[in-house]
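For reference, the structure discussed in these notes is given below.
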Amino acid sequence: MATEVERKTDIGPPSYEQFLHPIIKENYGKWKYHNNLGPGVLEHVGETGSIFTVRVSSPRLVSTNFLNMIMDLADKYSDGYFRFTSRNNIEFLLANKDNIEPLKQEVEANGLLVGGTNNAISNIVHTQGWVHCHSAATDASGLVKSVMDELAEYFTSEKLPAKLRVAVACCLNMCGAVHASDIAILGVHRTPPKIDNQTLPNLCEIPTTVASCPNNAIRPTSIEGKTTVKVDEDKCMYCGNCYTVCPAMPLADPLNDGVSIWVGGKICNARSEPMFTKLAIPYLPNNPPRWPEVTSAVKKIVEIYADNAKPYERVGEWINRIGWPRFFDMSGIEFTKYHLDDFRHAGTTYRRSLHNRY
Amino acid sequence: MPDNELKLPLLDQLEEGPWPSFVKDLKEQAARRPQVGQLLEQLEQSYENRWDYWRGTAINVPGYGGGIIARYSDLGEKFPQVAQFHTIRVIESPGFVYSADALRQLCDISEEYGAGIMQLHGMTGDILLLGYDNEKMMDACEALMDNGWDLGGSGNGMRTIPCCIGPARCEMACYDTLMLTKYLTDKYIGYLHRPEFPYKFKFKLSGCGNDCANSVSRSDMPVIGTWRDDIQVDQEAVTRFVKEMGQEWVIGNVTSRCPTRCIHLNGDQIEIDNRNCVRCMHCINVMHLALAPGKDRGATLLIGGKRTVRSGDMVASVLVPFQKLDSDGAYRAFSGIVERIWDFWGEHGNEHERVGEFIDRVGLGTFLDGVGLEPDPQMVANPRSNPFIKFEEYAAPRLDGEPHKAANVLNREPDREEDYEGEQP
Ligand code: HEM
Ligand code: HEM
Ligand code: SF4
Ligand code: SF4
Ligand code: SF4
Ligand code: SF4
């Protein structure tokens, strides 16, 4: 489209000051402490007054209908001010304490839940899935809905030993924060790309395609006089990088794609250092629309954690204390060859001490 | 298209249950916007066949080198309304704070030009507006910009910056995350809109070690608040807390959980050996009515976080243990470091090499030389344990004109490209 009209570009982010509640503006950087007023409700006390937060679940992918409902509630109860959390919850910011209860009631009447604060399971951070990405091995929105339906009681209460963060990513690119959440659900491809030698020469640039593979599995080759590529299937670990640059090499495989479960990641620095998630279950079948195998596996892990961890112990800290053998024992998850790392720096995950547990 | 014309037997099962249902919401939207109906129909087919029907490429808006995620449906003939169904990344308001009026503007634009659906927010921090075809997308971008909203980042440039709520609503904040987000985005908006780095570069900003913005694992340069002086203790509040919870509870859950055992309960008073405190936040999180971060506040700058793709997972590691962020001068000092990193990595990084992978390849020592920082024991978990040290005093000059400086590993090609040499058609 031609753009002869002078257009303002490089605008940057909107100035957030205009979106701050007057009480927040007055107390910006001067908060003294906060009170927990039950699941999903916080009071932050500043020098000149308090702001009350009501945290509400959101599916993240929402329509203007949904947002109109939220904005009307904001106009009615929080002077039009609200925000989103880094895990996609909605937070209403109220000046008037008396508005908390009526807001909660209306929120719930509209099918949303109040919660997600403190020792709760917060909203699941997730990715696009079949709704809107090209390389998804599974869906994200439906998986989140199915898992959160099972775990809703942990969103609306604060009965866990510590915070529990769940993440979903639908392929190994892991656009979701899955590598550092307490429980991570990750879509996996398990078969190498299938090369369409008819379309590849026209569709893809060979050097870029070859270079896209982190494992040197792709080589140029010639078939019937046309340059295309071949994949060394022994080297391929199904990461999907090649498909991203070359659509003629799809990995998707309805029978073999599935979902893996990872545990024990942590971002915050409290007590222990940040940790990656580690493999718990290498593969569960992809079973839309409700993924029963995945939801029950996740629920089981949450329950044994809830029953056994000490206060303030995140999933990873709990497992480090009881040891991985005990974790596999308690969860009934089978420990297999696939749990043994064989990628770069694999050796750092092998145990070198005699600290056995029985 | 009226609701009852959509046949979605699998997706319908996602309407039940306590968690809010995106299917229910999108079905209502489909009654007004046929493309949302077709989006659902395509998704239903994905559920049935366990197959993804999207394809992506890049489309650019004039003057911009990113910000659009193009999506084409493989089922375009069957579902023409979603044949082109692109996403516009819009830079969020720092701290994700909004007024109803501001968001209504976005809703109006989204209704007028797109499918009237969006994601708040994308994992990159952006607002993702969904469902634009090639032509409407340009119009939508015009409308966004006319209303003061800008496009977010994509491709090999600086990305949109998200931050935690920080000083706007959190007493733990050790620097102003919102202001720094705005400052960095404004200052480097050219790098965001016209990508020219070896690969993507993400900042994420958290006001304290709780890292609510998940910066350490998800950004190339996490900026995480911390302090240097003593934890502030309100002993009267400590006494009240101990009285309420009991000594045993405080010992079991606060002092004995301190990673360096530097905090002690003496009767109903707290004593902290601050020189051994590692600023982990645990005691402050639990006893937030009584304890607070110190007054000499700033941030730790880390470098090199990223996810698996290419060379395995990396959590960022410490680059500058303490950086003040409370004045124009401090902001300039910080920007200076950022620019030196971009220069050095921009010059020597390979294509599609994240800065963390670059450091892995050339070594942190070489990287520090390149960006002009001194080694510091705060940067390592421990010193090296292997003895293969290249003593520069005895090595040949390594980089032209710069003897005893950055090592020549900079010029080492990655294995795969070496292998590939010669076979190139
Ligand atoms: C008393 C101490 C704490 C306070 C005052 C606090 C405050 C907050 C605030 C204000 C948010 C919203 C941030 C945003 O969306 O930008 C938040 C979210 C979050 N916090 Fe904390 N936090 C505390 C402790 C922790 C701890 C100990 C952890 C991790 C161990 C943690 C992890 C998180 C995470 C992952 C989120 C994102 C949650 C979501 O979006 O629903 N926080 N916290
Ligand atoms: C053309 C290919 C790709 C597309 C279209 C794409 C698209 C996206 C989208 C839409 C998001 C936001 C996700 C959401 O909020 O639902 C995202 C985030 C992300 N992507 Fe990708 N992605 C691609 C390739 C990659 C690759 C190759 C990597 C790894 C190197 C990657 C790593 C990530 C990460 C880590 C995030 C989370 C961002 C953050 O936390 O800041 N993506 N990507
Ligand atoms: S995780 Fe993979 S499939 Fe999911 S949004 Fe990211 S790139 Fe797409
Ligand atoms: S899926 Fe990954 S490992 Fe396999 S060929 Fe493609 S890029 Fe290489
Ligand atoms: S990272 Fe720290 S300052 Fe920021 S919101 Fe979380 S607790 Fe508050
Ligand atoms: S902040 Fe962490 S290291 Fe410091 S005294 Fe408290 S618990 Fe100990």
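Going by the conditions given, is B:SER206 within 16 Å of ligand 2 (Cβ to nearest atom), more than 8 Å from every other protein chain (Cβ to nearest Cβ), at pLDDT below 95 and open to solvent by less than 10 Å² (accessible area, probe 1.4 Å)? I'd like the intermediate steps shown before the answer.
Working: within 16 Å of ligand 2 (Cβ to nearest atom): yes; more than 8 Å from every other protein chain (Cβ to nearest Cβ): yes; at pLDDT below 95: no; open to solvent by less than 10 Å² (accessible area, probe 1.4 Å): yes.
So B:SER206 fails the test.
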Review point. Strands (runs of 3 or more DSSP E) wholly in the range A:187-303 with at least 2 residues that are within 16 Å of ligand 2 (Cβ to nearest atom) - which ones?
Key: none
Review point. So which residues in the range A:24-43 are out of contact with any Asp or Glu (no Cβ under 9 Å at 6 or more places or on another chain) and open to solvent by 20 Å² or more (accessible area, probe 1.4 Å), if there are any at all?
Key: A:GLU43
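Inside the range A:123-134, can you point out the residues that are open to solvent by less than 20 Å² (accessible area, probe 1.4 Å) and more than 7 Å from every other protein chain (Cβ to nearest Cβ)?
At the first step, the residues of the range A:123-134 found to be open to solvent by less than 20 Å² (accessible area, probe 1.4 Å) are A:123-127, A:129-132.
If the condition is that a residue be open to solvent by less than 20 Å² (accessible area, probe 1.4 Å) and more than 7 Å from every other protein chain (Cβ to nearest Cβ), then A:ASN123, A:ILE124, A:HIS126, A:GLY129 are the ones that fit.
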Exercise for review: Could you run through the range B:23-67 and say how many residues are without any contact (Cβ under 8 Å) to a residue 60 or more places away in the chain, more than 10 Å from chain A (Cβ to nearest Cβ) and open to solvent by less than 30 Å² (accessible area, probe 1.4 Å)?
Suggested key: 2
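Where in the range B:1-84 are the helices (runs of 4 or more DSSP H), entirely inside, with at least 1 residues that are farther than 24 Å from A:VAL147 by Cα? Write out each step before concluding.
Details: elements: B:9-12, B:22-32, B:34-49.
The helices (runs of 4 or more DSSP H) meeting that bar are B:22-32, B:34-49.
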Review point. Which one is nearest to the chain's Cα centre (by Cα), of the residues in the range A:171-226 that are open to solvent by 10 Å² or more (accessible area, probe 1.4 Å) and among the charged types (D, E, K, R)?
Key: A:ARG190
Exercise for review: Evaluate the following for B:LEU128: is it crowded, with 22+ Cβ neighbours inside 10 Å and assigned by TED's automatic domain parsing to the domain that holds B:LEU26?
Suggested key: yes
Revision key, fill the gap. In the set A:LEU94, A:LEU112, the lone residue that is surrounded by fewer than 24 Cβ atoms within 10 Å (Cβ to Cβ) and more than 13 Å from ligand 2 (Cβ to nearest atom) is A:LEU112
Exercise for review: Quick one: in the range A:44-65, of everything that is outside any strand (DSSP E or B) and open to solvent by 20 Å² or more (accessible area, probe 1.4 Å), which residue is nearest to the other protein chains (Cβ to nearest Cβ)?
Suggested key: A:ASN65
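Give me the strands (runs of 3 or more DSSP E) completely within the range B:187-300, filtered to those with at least 3 residues that are more than 26 Å from the chain's Cα centre (by Cα) and touching a residue at least 24 places away in the same chain (Cβ under 8 Å), ordered by residue number.
On the way: elements: B:203-206, B:221-227, B:263-266, B:269-272.
In the range B:187-300, B:269-272 are the strands (runs of 3 or more DSSP E) which contain 3 or more residues that are more than 26 Å from the chain's Cα centre (by Cα) and touching a residue at least 24 places away in the same chain (Cβ under 8 Å).
The values are calculated or read from the model by the stated rules, or taken from the named source; none is laboratory data. Computed from a predicted structure; not experimentally measured. Because the Cβ atoms are built from the backbone with ideal geometry, glycine has one as well, and the counts that use them run over all protein chains shown. Protein only, heavy atoms only, side chains kept; ligands, DNA and RNA dropped before computing areas. Shrake-Rupley method; radii C 1.70, N 1.55, O 1.52, S 1.80 Å.
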